[in-house]
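In what follows, a structure is listed as structure tokens, so that the remarks can point back to it.
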Amino acid sequence: MDLARFAVWLGETQGSIALHESLYMYTLIESIHVIGITLFVGSIAMVDLRLLGRAFSTVPVSEMTRRILPWTVAGFVIMATTGLLLFYAIPVRTYHSVWFRLKVVLFLIAAVNIWFFHRRVQRNVEYWDRQPVPPRPARLAATISLVVWASVVVAGRMIAYNWADCDRPQPDWINWIAQCTSYGG
Ligand code: HEM
């Protein structure tokens, strides 16, 4: 079963229909999704500002990451859980949303950047842990992180708008990106 048909199947399940037609539950989940951004993206931004030497410059980088990471993980669990529920409520439209697809690509870029930071940059942190302005690779990773997560927020916000939806006439490149040919909405 390809993903487009899986989205159609998902949208016909009792749970998806109930969540989609719910009076308050969908709104509550979306509100928690938005509140979760403050914890997830907010805590990431604090560490990135330290890595850029723009804030907390007297606090060792390793202490910042050690004390803030649990909050970031808690924030991610909230974002992933509510995000999957938002997807579950409107799977076909969301699966074919160019903004949702952009969001997934941005997640992959963010994941590569996080891997690069933890596996490469942070490896010799003992040499620059107390420097007010960390070395260039750390600042580069922080800059990419801030730009990518800000873009995820914008892409997430745009999902609600139907400008590029498959059920409206679209230029070929949008039909191609959104895979409108297999749109089952
Ligand atoms: C982890 C970081 C994430 C961030 C920063 C994020 C950010 C956002 C933002 C800002 C919105 C707009 C909310 C609004 O307009 O009220 C949104 C909506 C949405 N997000 Fe996320 N999101 C994240 C993760 C996820 C995940 C993992 C999924 C699903 C797999 C997801 C699925 C959605 C969906 C379907 C909507 C559209 C809701 C709607 O407008 O009807 N998000 N997200």
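The numbers here are math on the coordinates, done by the rules we state, and not lab data. These figures come from a predicted structure and were not determined experimentally. Note: ideal-geometry Cβ built from the backbone for every residue, glycine included; neighbour counts use all protein chains shown.
Computed values, structure above
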{"quantity": "Per-peptide average of other Cβ atoms within 10 Å, ordering 39-51, 80-92, 153-165 highest first", "calculated": "39-51, 80-92, 153-165"}
{"quantity": "Burial ranking of peptide ranges 116-123, 22-29 (average Cβ count within 10 Å, highest at the top)", "calculated": "116-123, 22-29"}
{"quantity": "Linear extension gain, LEU140 paired with GLU126, 0.36 nm per residue minus alpha-carbon span", "calculated": "3.2 nm"}
{"quantity": "Radius of gyration, Dmax [the stretch 3-182; alpha carbons; angstrom]", "calculated": "19.2, 57"}
